[in-house]
Structure formats: structure tokens, C-alpha cells
Amino acid sequence: MARFLLLVSLLGVSSAFKFEPVYDWEPFDYNWPSEEIKNKTLNGSRFDLRQIEPWYLAVYEDRMFLSLSRFNSEVPAILVWLPISQQSTSPKLTPFTSLELQEFGNKKAMQDVRGVEVDSTGRLWAVDNGNYEEFPGKLWIFDLRNNDTVILVHSFPSQVVDVPRELNAVALDQTSDDWFAYVSDLRSLHLIVFSLARNASWSVDIGQNRASGLAISPCPDRSRLFVAEADDEQMLGVALTELRAGNRNLSVSLLGRRESRTSKMAMNRKGVLYSEFMNNRSLNTWNTKQPFKEESFYLGDSLLDYYRPIVFNFDQADNLWLLTANKISPRFRLFKAAPVDNARC
């Protein structure tokens with residue numbers, strides 16, 4: 001416990017947040033349906049529990065959802081959930097919604113889940129990169145308020161998402177009569193747009209840019225999609241009106257240049273954008289209501305030598321959830337940062 005509390009003191013703490021430790025794993029483990037299935041999966045397999053690597057997280061009510069890297073075909077579950085409050089300090093990861101729904105090589109199952117987000121109505125959206133040429137990329141939508149029922153599985157047509165592809169982040173946009181999902185593809189110069197009302201998707205040209213992290217300006221001024229360019233330090237902006245209207249060639253504006261390339265972004269309710277920097281495993285912030293200027297928010301502990309991506313996101317109450325990894329051992333720590341009431345944006 002002393003080492004756990006020490007890490008909190010080593011975090012780069014913003015004056016607008018108070019960090020508290022939640023969980024500590026060394027390493028992760030699954031909630032297996034049975035000991036027989038666990039032994040069959042682990043014995044003689046290329047899969048090792050120490051290799052579990054989270055990519056994205058989303059929080060809804062009392063559950064956190066994690067997408068995990070499928071670095072080989074024997075990883076049993078790549079979308080899991082865990083309770084965000086319980087007695088155990090190392091809760092096990094429960095496959096969502098089952099191991100069968102994540103069976104590698106099963107055309108009806110998820111193959112490679114990347115970005116995950118939860119909307120205000122209690123639906124979980126998950127980007128599935130598919131299985132290269134054999135299975136297309138998909139967008140899965142689950143109803144968390146109705147026994148985690150699958151609402152829709154949208155397969156992206158080949159003319160929208162071609163191979164090779166690397167579907168990555170997802171950002172959700174609500175209008176008066178529709179929900180839109182914007183998905184980045186690290187292998188193309190296009191952004192993918194999906195309309196739930198139409199159950200249709202299309203690709204849009206974002207110039208000679210490859211999108212990485214995505215975030216949307218908050219209500220009531222929900223007007224812009226923020227796009228982190230994958231190849232350099234550019235922060236780009238795209239008007240949501242153009243995306244919703246189905247424009248295929250967008251007016252892309254340069255908003256600023258970051259200190260490093262960004263793989264993940266998240267926006268809080270006050271319009272402060274949080275970005276992970278790949279080079280030094282840190283988080284920076286930018287108040288998007290002001291001219292572009294980044295400020296350091298969190299620095300990974302150099303003594304522990306973080307090398308895996310920092311995984312983070314906000315919940316419905318604007319709490320920041322932060323999951324860190326350790327290079328020396330397969331150790332993961334989850335922190336919660338509640339915003340101070342008088343924090344300025």
C-alpha cells in the first residue's frame with residue numbers, strides 16, 4: 001500500500017483535480033466461466049495474462065469498460081468490464097458480454113475492438129477493426145440499460161473502409177434527431193462518419209492528413225470535431241455541420257501544433273481538451289475556449305518507466321479516470337480524479 005500511495009504523490013497533479021487510487025493489478029486476470037475453460041486457454045497457449053494491454057476505456061454508472069489489444073489470435077477477450085467500486089483492490093475483468101461474442105475467427109463475434117464510448121442514453125459504442133480482409137470493420141452498439149443487448153452491428157462497406165485499415169478512436173455527436181459516430185482510420189487519409197438514424201456510413205476527405213485521436217466540443221457550443229494528426233504535431237478542427245450534412249470534402253482548419261504526437265484525446269464539460277503524448281507518456285491540456293496553448297497536466301513516473309499508452313476518459317459526472325501501466329512488471333493502476341467545484345476552465 002505504501003508504494004501505491006507513493007505513486008499518487010508522484011503524479012503531475014493539476015490544481016483543478018484531486019487524484020485518488022482505486023485499483024492495483026499485478027497482473028490482470030479474467031472472470032473465467034469455469035476453471036476448465038481457464039486451464040484450456042492458458043495451458044500450452046501463446047497467450048499470457050501478463051500481456052493484457054488496455055487501449056481505451058469508458059465509464060457508465062457503476063461499470064468501467066475496457067478494450068484490450070488482440071496482439072495474437074489466442075487472446076480470449078478484448079472487450080471487458082469491471083465494477084468501479086468494490087471491496088477488492090484488484091477486480092477481475094469480465095468479458096462483455098461473453099467469451100463467445102469475442103471468439104477469434106467467428107464472423108458473428110467481435111474481432112479487434114479499439115475505441116469505446118458511452119452516450120447519454122446508456123448505449124456503449126465499440127469500434128471493431130475486424131480481421132483484415134476476411135472480416136470487415138464494424139461498429140457495435142449495446143444497450144447497457146437493457147441487459148447489455150446488442151442494438152446494432154454496422155459493417156462498414158469496402159468503399160467506405162478499405163484494406164489495409166486500422167480503425168481507432170470514436171467520438172459521438174448528438175443532434176435533435178440523430179446520433180453520429182466519427183471514427184479515425186490510421187491507415188487512410190479519410191475520416192469515417194456513421195449516422196444511426198440512417199444506419200449508414202461514409203468516408204470524408206480530411207486533406208493529406210491521417211486522423212488519430214478525436215474529441216468533440218461540449219454542449220451548449222457543440223460545433224467542432226478536434227482531430228489529432230497522426231503523422232505530426234498538428235491539431236486540426238472540422239465543423240460538425242459539414243460532417244452531419246454529408247460533405248465529402250471538408251474545410252479543415254489548423255488550430256495549433258502540439259509538443260508531441262497524440263494517440264488519445266478526451267474533452268471535459270468545460271471545454272478543456274486532454275491529450276496523451278506518445279513520446280513521453282504524459283497528458284497535456286488545452287482550454288479550447290481560448291487560443292491554442294497547452295499546459296502539462298500529468299507526467300508518467302520516470303522511475304517506473306511507463307511505456308504503454310496512458311488510458312483515460314471522463315464519466316458522466318466529469319470525473320477523470322486514469323489507467324497507467326508499468327514496464328518493469330505487468331502492473332496497472334487505476335486512479336480517479338474528481339474536479340474541484342471552483343475549478344476554472
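Scanning the stretch 296-345 for residues that are among the basic types (Lys, Arg) and modelled with pLDDT under 65, which turns out farthest from the chain's Cα centre (by Cα)? Here the residue is Arg344. Filtering Asp143, Asp148, Asp177 for residues that are at positive phi and either within 19 Å of the chain's Cα centre (by Cα) or of a type in the set (Asp, Glu) (or both) leaves a single hit, Asp148.
Listed by first and then second residue, the pairs linking a residue in the stretch 177-198 that is within 20 Å of Ala215 (Cβ to Cβ) and assigned to a loop (DSSP other than H, G, I, E, B) to a residue that is open to solvent by 10 Å² or more (accessible area, probe 1.4 Å) and small (Gly, Ala, Ser), with Cβ atoms under 6 Å apart and 6 or more places separating them unless they lie on different chains, are Asp178/Ala197; Leu186/Ala230. Among the residues of the stretch 96-119, those identified as closer than 18 Å to Leu214 by Cα, open to solvent by 10 Å² or more (accessible area, probe 1.4 Å) and of a type outside the set (Lys, Arg) are Glu117, Val118. The residue of the stretch 39-94 that is nearest to the chain's Cα centre (by Cα), among those that are open to solvent by less than 50 Å² (accessible area, probe 1.4 Å) and aromatic (Phe, Trp, Tyr), is Tyr56.
Exactly one residue among Val163, Val150 is of a type in the set (Val, Ile, Thr), assigned to a loop (DSSP other than H, G, I, E, B), open to solvent by 10 Å² or more (accessible area, probe 1.4 Å) and more than 12 Å from Arg114 (Cα to Cα), and that residue is Val163. The residue of the stretch 248-262 that is nearest to Gln159 (Cα to Cα), among those that are open to solvent by 60 Å² or more (accessible area, probe 1.4 Å) and outside any strand (DSSP E or B), is Arg248.
The values are calculated or read from the model by the stated rules, or taken from the named source; none is laboratory data. Note that the structure is predicted; figures quoted are calculated from it, not measured. Because the Cβ atoms are built from the backbone with ideal geometry, glycine has one as well, and the counts that use them run over all protein chains shown. SASA here: full protein model, heavy atoms, side chains in, ligands and nucleic acids out. Shrake-Rupley method; radii C 1.70, N 1.55, O 1.52, S 1.80 Å.
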